[in-house]
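Encoded as structure tokens, the structure appears first; notes follow it.
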Amino acid sequence: MKFTNYVLALIALGTLLSCKAETPTPKGEPTKEKVLLEEFKGSYSADALESTGVVEFEIVAKRSTVRLFEGREMEVWAYNEQVPGPVLRVKLGETIKIRFRNELPQPTTIHFHGVRVPNAMDGVPGVTQPPIQPGDSFVYEFVPKDAGTFWFHPHVRGSEQVERGLFGVLIVEDVPALAYSQDVVWVLDDWRLTKDGTAVDPRFNTGGDLMHDGRWGQMITVNGKLNHELIVKPGERIRLRLVNTSNARVYAPNFDGLNAKVIAVDGMYAEKPLSPAGFVLAPGNRLDLDIQFSAKQEGQLFPIFDQFSRRRTYQLASIRVDSGSVETPNFPSPAHAKIPGWKTALSTEVHTEFVLNAQRGGKLGIQWQINGKPYSDYKPTSLTAGNWHRLRFTNSSGRLHPMHIHGQFFKVLSRNGEPADEPYFRDTVLLRPREVVDVGLVPLDPGEWMMHCHILEHAEAGMMTVLSVLPATNDAVK
Ligand code: C2O
Ligand code: CU
């Protein structure tokens, strides 16, 4: 090495070292992570309330024929012979107990999306439970820790089983109940059918689906119907819960012309009521709206369009304002949750970066990978319960990836390095092509928690891994 190069190398090394050494924490002062953890305190509790009683349900998964679209008979796989499956409602603090029987021709499980369950109730085959074989039963039992809109679906061959019709909604109601005049669920789904239109097209995980953004069907339904219509009266104040159960389709519902506010995202209340403009529902996402109808709107019809795809606008459903006014329920919006600002979060170090990309290979011909590994080869990422973590998703592909973490909520900190303004938690965040998204996360429940793309074809092709949440250390929050 020439002397000048040697000096340059030394200078470079010195810069590196001084960078590292530049941010020591002065003695006695809390670390940046501790400050962020303090801000998190009180956002949501680590523990469930003490159970106030048990609500029992029975669910059977089996092949069924149901009426969908405009009343057409369709062969599906269904929970309790319904598509969408049942809407289960419990009150916050109640134990939910589900006796589940598998009468499908395949093994299955039920995963409760977004619900902070004990790890053993998470429904992940080979991680939290063995798959439930045809003819076998399993009891899911837990006390949900949060009031809100959740859903459930199989976690075995999801791209096939969810597409065939296996999904349902779980609503955890506030105590005391909120005085909305209607509490409405809209399950958004899309369908790709056989030529004769009598069954779900059984060609799952096609090369095209895998290479692109998964399986997008041509028919979009709300609660299994084309042109679903909701009827309200002038003066009503309703809660509308949107759930995207599609394998892959993203929706951007337009509520222009309505007095609508987003009050919850992915089940959890936001810091304040927010304008619905700009919100998208990627697979897995939920959005709760608070909508008020005035006397002036009597007799009007409001079509709700999906505007995600630039190529085509779809009508999802419509709201018809009938006659005969009712008194407007008057109560404060529930969207006043404590959400940490985490304004200093971008000056902390990234705990783990997850690079998302595809490669040829694997049993489906294309493998979707996280940090160069498909799920069959995953290496768990360790996090510590009660500690603050900054995670980074780097989408190195040109496709969409709604990344979902089981059993925890996180907050988006930045997109492509720009601070994000999201005064709410999420359990699923959509990454656009080549996008880099940083999130802040304080895991509270130890266990093995899945992290995967919720485009179910990508997940099936390997885009899943596990976050191993280790028990809290002494300085963690409780
Ligand atoms: Cu709805 Cu593993 O997720
Ligand atoms: Cu993906």
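Read-outs throughout are calculated quantities, based only on the coordinates presented, and are distinct from any laboratory measurement. It should be emphasised that the depicted structure is a prediction, and the values quoted were computed from it without experimental measurement. Methodologically, a virtual Cβ is constructed for each residue, glycine included, from the backbone with ideal geometry; neighbour enumeration extends over all protein chains shown.
For GLU271, neighbours were defined as the other residues whose beta-carbon sits under 12 Å from its Cβ, and their charges (Lys and Arg +1, Asp and Glu -1) total +1. Let me know the shape class of the chain, please: from the alpha-carbon gyration tensor, a ≥ b ≥ c as square roots of the eigenvalues, rounded when a/c is under 1.5, otherwise prolate if a/b is greater than b/c, or oblate. Prolate, since a/c reaches 1.5 and a/b exceeds b/c.
The listed peptides 326-332, 245-251, 195-201, ordered by packing as a protection proxy, come out as 245-251, 195-201, 326-332 (highest mean of other Cβ atoms within 10 Å first).
For the peptides 210-218, 296-304, the ranking by mean Cβ contacts within 10 Å, running from highest to lowest, is 210-218, 296-304. The packing ranking of peptides 374-382, 436-444, highest mean first, is 436-444, 374-382, where packing means the average number of other beta carbon atoms within 10 angstrom of each residue. Scattering from segment 158-266 was approximated by placing one identical point on each alpha carbon and applying the Debye formula without solvent; log10 I(q)/I(0) at 0.15, 0.19, 0.21, 0.22 1/Å stands at -0.77, -1.08, -1.22, -1.30.
The equivalent ellipsoid of segment 345-470 has semi-axes of 23, 17, 12 Å, largest first, where each one is the square root of 5 times an eigenvalue of the Cα gyration tensor. Using the Karplus relation 6.51 cos²θ - 1.76 cosθ + 1.60 with θ = phi - 60°, the per-residue 3J(HN,Hα) values for segment 224-239 come to x, 10, 7, 6, 4, 10, 9, 10, 10, 10, x, x, 5, 10, 10, 10 Hz, with x marking Gly and Pro. For segment 309-318, 3J(HN,Hα) computed residue by residue from phi via the Karplus equation (6.51, -1.76, 1.60; θ = phi - 60°) reads 7, 6, 6, 8, 9, 10, 8, 7, 6, 9 Hz, glycine and proline entered as x. Close amide-amide hydrogen proximity is noted between PHE152 and HIS113, GLY168, VAL169, LEU170, each under 5 Å apart and 5 or more residues distant or on a separate chain (H modeled in the peptide plane; Pro and chain starts excluded). Taking a Cβ cut-off of under 10 Å around SER181, the surrounding Lys, Arg, Asp and Glu residues balance to a net charge of 0, with basic ones at +1 and acidic ones at -1.
Annotation: the antiparallel percentage among DSSP beta bridges lying fully within the chain is about 70. When a/c reaches 1.5 or more, the comparison of a/b and b/c decides; with that in mind, is segment 300-415 rounded, prolate or oblate per its Cα gyration tensor? Oblate shape, in that a/c is at least 1.5 and b/c is the bigger or equal ratio. Counting only Cβ charges, +1 for Lys and Arg and -1 for Asp and Glu, the dipole size of the chain around its Cα centre is about 1080 debye.
Going by a ≥ b ≥ c, the root eigenvalues of the Cα gyration tensor, does segment 179-335 fall in the rounded group (a/c under 1.5), the prolate group (a/b larger than b/c) or the oblate group? Prolate shape, in that a/c is at least 1.5 and a/b is the bigger ratio. Segment 74-150 and segment 210-288 have Cα centres separated by 23 Å.
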